[in-house]
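Below is one structure, written out as structure tokens; the observations come after it.
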Amino acid sequence: MGTSPSREKFKLQLTQENIVFAIAAVLFVGFSLLLPGFFNTDNLLSLVQNVSILGILGIGMGIVVIGRGIDLTMVATMAMSTAWTVGLMNKGVDSLTAVALGLAFAAVVGIILGILVAYVEIPAIFATLAMAIVVYGFGRMALVDLDVIYVPESETWMRALSNSFFGIPLPVVWFALLSVVAWLFLQFTRWGRYLFAMGDNRAGARITGIPVRPMTVLQYLISSIIAYGAGIVTASLLASVNIRVAQSTMVYDVILVVVLGGIGLSGGKGGVRNIIVGTLLIGILLNGMTILNMSFTVQNLVKGSVLLIAIIFDSIANPRDEQTAQQGDI
């Protein structure tokens with residue numbers, strides 16, 4: 001007996017992305033009705049701003065994961081490169097030079113990561129985990145000497161990055177613009193198509209002439225630069241940089257956004273829309289738990305459980321192939 005067209009259409013639409021979006025919508029309505037202060041304008045503005053930072057980082061992580069990699073260094077890169085930039089400004093270095101040096105530091109981290117994964121062939125999860133420790137340690141020893149560094153009052157341009165545009169918080173605008181650029185990059189450039197091909201079949205991509213190793217370096221470079229941009233926006237929003245975020249669980253929030261949204265850890269699938277959907281759900285969940293005054297321990301337990309469930313679902317929906325196992329990528 002054949003399946004009716006209407007039922008087949010429903011099946012095609014019942015994707016992880018749509019399910020996650022529906023859960024986000026249900027949580028939003030439920031929290032709005034049950035949690036005092038959730039639907040408050042100030043809280044919603046805070047929600048969308050915080051979600052934007054998570055989403056910006058998610059774009060960078062998503063690009064790496066699509067190419068069959070992972071970047072556990074990006075939060076450390078964000079914290080230390082931005083802290084160095086703001087620290088230089090506090091020491092009287094002009095803004096342009098400070099930003100250029102911070103950007104260069106982030107770019108060097110990304111290039112080193114790419115070389116370690118592509119040419120030295122260290123599995124991405126180990127290379128980026130170790131590099132995160134190195135970046136934090138080096139930054140703490142040689143670049144910044146304080147845990148919290150405040151943005152100078154004279155740097156009005158940086159503080160203005162978190163203002164609003166026709167009532168829309170600028171962090172949301174930056175996230176939207178980055179999403180558009182990332183979508184165009186992935187869908188309409190040969191480098192974007194290369195990433196999908198690498199994630200889908202790395203050996204096959206190499207055989208067809210795709211420069212797999214340089215592209216691997218490129219994806220980590222892009223991730224590090226995006227992390228730096230997220231750090232600048234965060235510094236604008238908080239008027240400070242707290243380097244202790246490098247030792248927090250934030251990087252797992254970013255991974256959760258990517259995996260939960262529907263980008264498979266096996267690579268080669270997903271896109272910007274998946275990241276946006278995952279960002280919405282995690283942002284709403286984190287905000288709700290904060291209003292409920294849950295301790296960080298309980299919040300981490302909830303996030304860890306959701307991440308574990310998402311990874312299990314991903315491993316079922318996108319099983320690791322023999323090539324992935326041999327290569328050691330996550």
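Is it possible to state the helix-based mean residue ellipticity at 222 nm for the chain, with each DSSP H run of 4+ residues giving -39500 (n - 2.57), the sum divided by total residues, to the nearest 500 deg cm²/dmol? What is it?
Working: 15 runs with 238 residues, N = 330.
Roughly -24000 deg cm²/dmol at 222 nm, from the helical runs in the chain.
Over all directions, average the projected area of the Cα convex hull of the chain and note it in nm².
Approximately 19.5 nm², given one-decimal rounding.
Between GLN247 and LEU101, what is 0.36 nm times their sequence separation minus the Cα-Cα distance? Round to one decimal in nm. Provide the component values of the computation, followed by the final result.
Details: separation 146, 0.36 × 146 = 52.56 nm, distance 2.28 nm.
That pair, GLN247 and LEU101, stretches by 50.3 nm at full extension.
So for segment 132-276, considering every pair of alpha-carbon atoms, how many percent are separated by more than 19 Å? List each step's numbers first, then the result.
On the way: 6626 of 10440 pairs.
Tail fraction, whole percent: 63.
If you build a Gaussian network model of the chain, linking Cα atoms that sit under 10 Å apart, which residue out of GLY204, GLY231, GLY167 swings the most?
Highest fluctuation among the options: GLY167.
Over all alpha-carbon pairs of segment 24-113, lay out the pair-distance distribution in 10 Å bins, whole %, shortest bin first.
Calculated P(r), rounded to whole percents: 14, 30, 26, 20, 9.
I need the chymotrypsin sites (Phe, Trp or Tyr not before Pro) found in segment 74-160, filtered to DSSP loop residues with at most 10 other beta carbons within 10 Å of theirs.
Passing sites in segment 74-160 do not exist.
Could I get the Rg over Rh figure for segment 241-323? Both from C-alpha atoms, Rh via Kirkwood, rounded to two places. Intermediate values should be presented prior to the final figure.
Numbers: Rg = 14.0 Å, Rh = 13.8 Å.
My calculation puts Rg/Rh at 1.02.
From the phi of every residue in segment 191-203, what ³J(HN,Hα) in whole Hz does the Karplus formula 6.51 cos²θ - 1.76 cosθ + 1.60 yield, where θ is phi - 60° and glycine or proline is x?
Whole-Hz 3J(HN,Hα) from phi for segment 191-203: 5, x, 5, 4, 4, 5, 5, 5, x, 6, 7, 5, 5.
In Å, the Kirkwood hydrodynamic radius of segment 260-303 over pairs of distinct alpha carbons? Intermediate results must be reported in sequence, preceding the final value.
Working: mean 1/r = 0.0858 Å⁻¹.
For segment 260-303, the Kirkwood estimate is 11.7 Å.
In segment 62-173, carbon and sulfur make up what percent of the accessible area (probe 1.4 Å)? Provide the component values of the computation, followed by the final result.
Details: 3510 of 4840 Å².
On segment 62-173, the fraction of accessible area on carbon and sulfur atoms equals 72 percent.
Between LEU88, LEU280, LEU146, which gets the highest mean-square fluctuation from a Gaussian network model of the chain, Cα cutoff 10 Å?
So, out of LEU88, LEU280, LEU146, the one fluctuating most is LEU146.
From the backbone phi of segment 59-72, what are the Karplus-calculated ³J(HN,Hα) couplings (6.51 cos²θ - 1.76 cosθ + 1.60, θ = phi - 60°) in whole Hz, Gly and Pro given as x?
Rounded to whole hertz, the list is 4, x, 5, x, 4, 5, 5, 4, x, 6, x, 7, 10, 7.
With a 1.4 Å probe and all protein chains left in place, how much accessible area per residue does the chain have, in Å²?
Accessible area per residue, the chain: 48 Å².
Compute a Gaussian network model of the chain, connecting alpha carbons closer than 10 Å, and tell me which residue from LEU281, LEU47, LEU35 fluctuates the most.
Fluctuation is largest for LEU35.
Suppose the Debye formula is applied to equal point scatterers at every Cα of segment 89-175; what is log10 I(q)/I(0) at q = 0.12, 0.21 Å⁻¹?
Calculated log10 I(q)/I(0) at the listed q: -0.57, -1.07.
The values are calculated or read from the model by the stated rules, or taken from the named source; none is laboratory data. Computed from a predicted structure; not experimentally measured. In this analysis, Cβ positions are derived from the backbone assuming ideal geometry, glycine residues included, and neighbour counts consider all displayed protein chains. Keep in mind that these areas ignore ligands, DNA and RNA; they rest on the heavy atoms of the full protein, side chains included. Shrake-Rupley method; radii C 1.70, N 1.55, O 1.52, S 1.80 Å.
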